[in-house]
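Novice: Before we start, here is the structure in question, set down as structure tokens.
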Amino acid sequence: MGRIIIAGIGPGSKEDITPAVLEAVRQADVIVGYKYYFQFIESYVKDGCKCIDTGMKKERERAEQAFHLAEQGKTVVVISSGDAGIYGMAPLIYEMKRQRTATVVSGSAADIEVTTLPGISAFQKAASLLGAPIGHDMCIISLSDLMTPWEVIERRIRAAATTDFVTAVYNPKSHGRYWQLYRLQELFLQERSADTPVGYVRQAGREDQSVTVTTLGAFDPEAVDMFTVILIGNSQSYIEGDKIITPRGYYSSKKQVASCETTAYTVSGDSVAGKPGQQIMMESFRTIKGELHRKDYPLDHLWALLHAIHTTADFDMEDILFTDPDAVSIIYNKVKEGTLKTIVTDVTMVTSGIRKGALSRLGIEAKCYLSDPRVAEMAAQEGITRTQAGIRLAVEEHPDALYAFGNAPTALMELCDLIRRGKAHPAGIIAAPVGFVHVRESKHMVKPFKDIPKIIVEGRKGGSNLAATLCNAILTFDDAEQLKPGRDL
């Protein structure tokens, strides 16, 4: 009884065929495969070996031919491009052996030895040409719906995009299948940033090979065909020159690289000397950005949103954080211009959460009036809360400050009343009081002031930590474009 060797001959270059596969080809009595692939192995075929072409899309006939010849006692090598186990002939051969063993009376198929020899897959060759895009968890998806319903393929695409896998895409496009790749891009953009690196290689390892690096947003499905393999990075992937790198974690998480007396931490190519806290914060921001439902937020809003989610671990912020257009940048520019020198908070916990390094670097003072001895006296005389009294005193001394509220809706309502009476015109308002009484109403009262930039946490949610982190977002807005939070930690 003969045997069948299923061999992956690599992506198309003789240099990429493994020695084990070449040795199998040399020993073969018969080689079965698609005629296009014979050119890559013909110089290794022994005299008298017969090469049988069953034509394109004739995989089943190819497998039956292999069994027929093996049953005659021949050593049959069935060749597939790339790796025979990845969208290749290996699964079909094993399934057919099982079926023939169960149905053929002689049971001869059971006596045929079937072995598989791995080959370099097209996605591996493409990855090597693109740099190091598959350095972390990955998956492979074929867009061919000849044997897999599109509904199943789309579920897998969504799963890959949502779970942040590096994703290799096979069979991306053909004359009859032109829209599926557009749909994949649409689904990925719902889960991933438009800046996500994308690389694609056409005819990997062959004479007319071409390599392209782009981004998910700029990727043009019309630029690829069935001879192309596409690799989509994850949220940590980045482009360095003409290469794509997906960090494994050696420099992007806990890895410390000692150099003389200092320790350097590196995140996706960005060196942050001696600041592990900033490194962790940068990784957190990139993770959050990768998990946002919407990928096209203006940088101004995105920066505030990333801070809010980082502080609370609450992705509801994506739905409830409201910012006026350019609110963060407008307030930040007032700081840079020197026209904003004071941040007033409703409670001391907000003041405590504002980064002291940022305040010092920018020459800003953060104040809370609750501990001022005048507050208790005014509150008692006027029959108002201490936080209301604190805001009244603050407006007298700093009518044009940035006002940040993380606790007391009555304090926010007091400021709104003073604005309407012409007593105050803040440089900006952060409205994030938390609770159940007058909280929503206080936030609604802020919105009509169209000429004052506002950041509002809608609904009942909020808190001193949120108000403080939104102040920090403003003070560090010059770090937003490079997504480098935490330098003032």
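The values are calculated or read from the model by the stated rules, or taken from the named source; none is laboratory data. All values derive from a computational prediction rather than experimental measurement. We place every Cβ from the backbone using ideal geometry, glycine too, and count neighbours over all the protein chains shown. Calculation scope for accessible area: heavy atoms of the full protein, side chains included, ligands and nucleic acids excluded. Shrake-Rupley method; radii C 1.70, N 1.55, O 1.52, S 1.80 Å.
Novice: Could you please tell me which pairs satisfy a Cβ distance under 6 Å, a separation of 6+ or placement on different chains, a first residue in the stretch 163-190 that is over 24 Å from ALA132 (Cβ atoms), and a second residue that is open to solvent by 50 Å² or more (accessible area, probe 1.4 Å) and not in a helix (DSSP H, G or I)?
Specialist: Short answer, once both residue conditions are applied: SER174/MET226.
Novice: Right, here's the next one. Within the stretch 35-49, is there a residue that is more than 42 Å from the chain's Cα centre (by Cα) and of a type in the set (A, V, I, L, M, F, W, C)?
Specialist: yes
Novice: Enumerate the pairs (first residue in the stretch 233-258 and on the phi > 0 side of the Ramachandran plot and exposed (fewer than 13 other Cβ atoms within 10 Å of the Cβ); second residue anywhere and in a strand (DSSP E or B) and at pLDDT 95 or above) with beta-carbon separation below 9 Å, excluding pairs fewer than 6 apart on the same chain, so at least 6 apart or on different chains.
Specialist: Filtered contacts from the stretch 233-258: GLY241/GLY131; GLY241/VAL213.
Novice: Tally time: how many residues in the stretch 11-70 are open to solvent by less than 20 Å² (accessible area, probe 1.4 Å), among the basic types (Lys, Arg) and more than 26 Å from GLU95 (Cα to Cα)?
Specialist: 0
Novice: When you check LEU22 against the structure, is it more than 25 Å from ILE140 (Cβ to Cβ) and touching a strand residue (DSSP E or B) at 6+ places or on another chain (Cβ under 7 Å), yes or no?
Specialist: no
Novice: Something else: Mind counting the residues in the stretch 275-297 that are part of a loop (DSSP other than H, G, I, E, B) and either in contact (Cβ under 8 Å) with a residue 24 or more places away in the chain or closer than 19 Å to SER237 by Cα (or both)?
Specialist: Within the stretch 275-297, residues that are part of a loop (DSSP other than H, G, I, E, B) and either in contact (Cβ under 8 Å) with a residue 24 or more places away in the chain or closer than 19 Å to SER237 by Cα (or both) number 6.
Listed here are the residues, each with its yes/no results for (1) touching a helix residue (DSSP H, G or I) at 6+ places or on another chain (Cβ under 8 Å); (2) buried (at least 24 other Cβ atoms within 10 Å of the Cβ).
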{"residue": "ILE391", "(1), (2)": "yes, yes"}
{"residue": "ALA394", "(1), (2)": "no, yes"}
{"residue": "GLY406", "(1), (2)": "yes, yes"}
{"residue": "LEU418", "(1), (2)": "yes, no"}
{"residue": "ARG440", "(1), (2)": "no, no"}
{"residue": "ILE455", "(1), (2)": "yes, yes"}
{"residue": "GLY462", "(1), (2)": "yes, yes"}
{"residue": "ALA467", "(1), (2)": "yes, yes"}
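Novice: Here's a follow-up. Name every residue in the stretch 288-335 that is of a type in the set (Gly, Ala, Ser) and open to solvent by 10 Å² or more (accessible area, probe 1.4 Å), in order of residue number.
Specialist: Matches in the stretch 288-335: GLY290, ALA313, SER329.
Novice: Now for a different question. Being in a loop (DSSP other than H, G, I, E, B), open to solvent by less than 30 Å² (accessible area, probe 1.4 Å) and out of contact with any Lys or Arg (no Cβ under 8 Å at 6 or more places or on another chain) is the filter here; which residues of the stretch 354-381 pass it?
Specialist: ILE354, ARG355, TYR369 - these are the residues of the stretch 354-381 that are in a loop (DSSP other than H, G, I, E, B), open to solvent by less than 30 Å² (accessible area, probe 1.4 Å) and out of contact with any Lys or Arg (no Cβ under 8 Å at 6 or more places or on another chain).
Novice: Restricting attention to the stretch 433-456, and to residues there that are of a type outside the set (A, V, I, L, M, F, W, C), assigned to a loop (DSSP other than H, G, I, E, B) and under 15 Å from ASP324 (Cβ atoms), which single residue is nearest to the chain's Cα centre (by Cα)?
Specialist: In this case the residue turns out to be PRO453.
Novice: Kindly list the number of the only condition in (1) open to solvent by less than 10 Å² (accessible area, probe 1.4 Å); (2) assigned to a helix (DSSP H, G or I) that fails for ILE430.
Specialist: Here ILE430 meets the rest and fails (2).
Table: residues versus (1) in contact with a Cys (Cβ under 7 Å, 6 or more places away or on another chain); (2) assigned to a loop (DSSP other than H, G, I, E, B); (3) surrounded by fewer than 15 Cβ atoms within 10 Å (Cβ to Cβ).
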site	(1), (2), (3)
LEU129	no, no, no
ILE140	no, no, no
SER144	no, yes, no
THR148	no, yes, yes
ILE153	no, no, no
ALA160	yes, no, no
ALA168	no, no, no
PRO172	no, yes, no
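Novice: From VAL198, VAL224, grab the single residue that is over 12 Å from LEU130 (Cβ atoms) and either buried (at least 18 other Cβ atoms within 10 Å of the Cβ) or in contact with a Cys (Cβ under 7 Å, 6 or more places away or on another chain) (or both).
Specialist: VAL224
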